[in-house]
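Readers should treat all values here as calculations from the given coordinates under stated rules, not as data from a laboratory. Being a predicted model, the structure only gives us computed values, none of them experimental. FYI the Cβ positions are ideal-geometry reconstructions off the backbone, even for glycines, and counts take in every protein chain you see.
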Amino acid sequence: MTLNIDDMASFCKRKGFIYPSAEIYGGLAGFFDYGPYGVELKKNIINEWWKFMVNSRSDVVGMDGSIISPESVWQASGHLENFSDLMLVSEDGSFEVRADVFLEEKLGKSFDGVSADEVNNLIKDNNLTGPNGKKFKTCESFNLMFPLSIGAKKVKGYLRGETTQMIYLDYKLIQQNARMKVPFGIAQIGKAFRNEISPRNFLFRCREFEQMEMQFFIDPKDRETWFKYWQEQRTNFYLNLGVKREHLRYRAHEKGELAHYAKRAEDIEYKFPFGWKEIEGIHDRGDWDLSTHSKHSKQKLDYFDEEKKESFVPHIIETSAGLDRTLLLLLYEAYEDDKERGNIVLRLHPKLAPIKVAVLPLVKKGGLKEKAQELFDSLKLDFVAFYDESGSIGRRYARMDEIGTPYCVTIDFDTLEDGTVTIRNRDTTEQKRVKIEDLRKELVF
Ligand code: ATP
């Protein structure tokens, strides 16, 4: 794992995973497009998360909420007042940076949860300036929500800063429609938008990104049990996808660092080349969200326990993971510069591989192309398959290694004689001869 983040970004661009968005117009920091292999990888992560969190359980159901919502939602949730970071701006306005990120870079330790007064003192005491010795103005807070004006009447709305608010707004309907009993969860995957002051480190901090979130509604007396349970489950999710345990750790939030909604928060952190960084938060949100929405909307959002014949406002344990950060860490886990082979091998879990199987005629002539295309056609609806006839077979294997394709199937002149093909395994480079009718049994994911 020696690749720095800029080299990872150029690898992803070169290999068709991720591009800086609108690059031909100069781009815009914090926005990215997913290319052909990036989009397949992302879809596979989504599928694994959804299977793990929703389809394999009877106590969690899914939803897909809208991205834009009226101001009242974000007023009630506390985001308009509290969802902000501290910003340092140079006196001439030419340089701006997130204060805790700047201090961490300059002073070499974490400043999560630092206050504006502390920032001002640290800047003064350590004589810190921006590029070319530019002095800073007094540190101020900057709200991360993206405002919008909706329709001809210009109704004020916002792009969601987190996916989860829609879950709280719909929770009662979902609980009733899906006949869920506390404890139960609602999961959602989708885009979130934050007007980050300093987007950096490629996919790690974007202004538009995706979250995979689940809100688990509980009786407050069970909070410890469920917090621990979901911590373990979420760790298992990463381990199941091949992430090494020693690359993961937990970090509990200090009191001053807790988000406005959180009673307790622990991050799962991954060891990126630029340090241990958050990939997912497990949050005890208490009854903050349902109570505040109930107060502002004047709707009852409590839950009636049929057995105990009593109503209460459920508390919430949240698991909130970033899809783009997950994708980035999975690329780091998989990336290997194999000196012996002379090419990169992306050792992605086969379930995650963007292309599952490549079909390669040894040469185009002598009927091999037609035979290979026939095989490709028979596979492509069941597996994400890829057909490639250009370049030497070694070069084609290397190209598939680089995007993590677990299997390459080669059609040669023997195929025309005896109906067998060669399967090459990405991880071992082992080649095996099998009959075409037995091929599917060999493709294991
Ligand atoms: P950070 O402290 O890094 O800003 P956060 O604590 O604000 O993150 P949460 O609000 O808990 O993050 O969001 C849950 C998850 O969403 C994070 O663990 C992360 O994976 C993802 N996420 C948050 N902000 C971004 C971003 N700007 N770009 C990409 N992913 C993000």
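Relative to the compact-globule scaling 2.2 N^0.38 Å, provide the ratio for the alpha-carbon radius of gyration of region 355-442.
On the way: Rg = 11.6 Å, N = 88, 2.2 N^0.38 = 12.1 Å.
After normalising by residue count via 2.2 N^0.38 Å, the value is 0.96.
Could you work out how far apart the two model spin labels at LYS51 and GLU224 are, taking each label as a point 7 Å from the Cα in the direction of the beta carbon, and quote it in nm?
Output for this residue pair reads 3.6 nm.
Using a simple spin-label model with points 7 Å from Cα along the Cα→Cβ vector, what separation in nm is obtained for ALA29 and LYS365?
According to this spin-label approximation, the distance is 5.7 nm.
From the P(r) of the chain, could you give the percentage of C-alpha pairs in the tail past 34 Å?
It works out to 43 percent of all Cα pairs.
Would you kindly state how much longer the chain becomes between ARG433 and GLU417 on full extension, computed as 0.36 nm times their sequence separation minus their alpha carbon distance, in nm to one decimal?
Gain on stretching ARG433 to GLU417: 4.4 nm.
Taking the mean number of other Cβ atoms within 10 Å as a proxy for protection, how do you rank 95-102, 116-123 from highest to lowest?
95-102, 116-123
Please give the length that would be gained between PHE95 and GLN176 if that part of the chain were fully extended, namely 0.36 nm times their separation in residues minus their C-alpha to C-alpha distance (nm, one decimal).
So the extension gain works out to 24.0 nm.
Subtracting the Cα-Cα distance from 0.36 nm times the residue separation, let me have the gained length for THR129 to SER10 in nm, one decimal.
Once the chain is fully extended between THR129 and SER10, it gains 39.8 nm.
Counting other C-beta atoms within 10 Å, and keeping those with at most 12, which DSSP coil trypsin sites (Lys or Arg not before Pro) do you find in region 160-269? Spell out each step's value before the answer.
Numbers: sites: ARG160, LYS172, ARG179, LYS181, LYS191, ARG194, ARG200, ARG205, ARG207, LYS221, ARG223, LYS228, ARG234, LYS244, ARG245, ARG249, ARG251, LYS255, LYS263, ARG264; in loops: ARG160, ARG179, LYS181, ARG194, ARG200, ARG205, ARG207, LYS244, LYS263.
Filter output for region 160-269: ARG179, LYS181, LYS244.
With θ set to phi - 60° and the Karplus curve 6.51 cos²θ - 1.76 cosθ + 1.60, what are the ³J(HN,Hα) couplings of region 79-86 in order, to the nearest whole Hz, using x for Gly and Pro?
Using θ = phi - 60°, the values come out as 5, 5, 8, 10, 8, 9, 10, 7 Hz.
Using label points projected 7 Å from each Cα along Cα→Cβ, tell me how many nm separate GLU307 and LEU381, to one decimal.
4.8 nm
At a Förster radius of 35 Å, what calculated FRET efficiency corresponds to the Cβ-Cβ distance of GLU442 and ASP59, to the nearest 0.05?
E(calc), rounded to 0.05, equals 0.40.
To the nearest 500 deg cm²/dmol, what mean residue ellipticity at 222 nm is calculated for the chain from DSSP H runs of n ≥ 4 alone, each contributing -39,500 (n - 2.57), summed and divided by the residues?
Helix contribution divided over all residues of the chain: -9000 deg cm²/dmol.
For region 66-220, treating each Cα as an identical point scatterer without solvent, what Debye log10 I(q)/I(0) comes out at q = 0.16 1/Å?
Evaluating at q = 0.16 Å⁻¹ gives log10 I(q)/I(0) of -0.98.
Can you give the relative contact order of the chain as a percent, counting alpha carbon pairs under 8 Å and 6+ residues apart?
14 percent
Looking at region 287-445, what % of the alpha carbon pairs are farther apart than 27 Å?
44 percent
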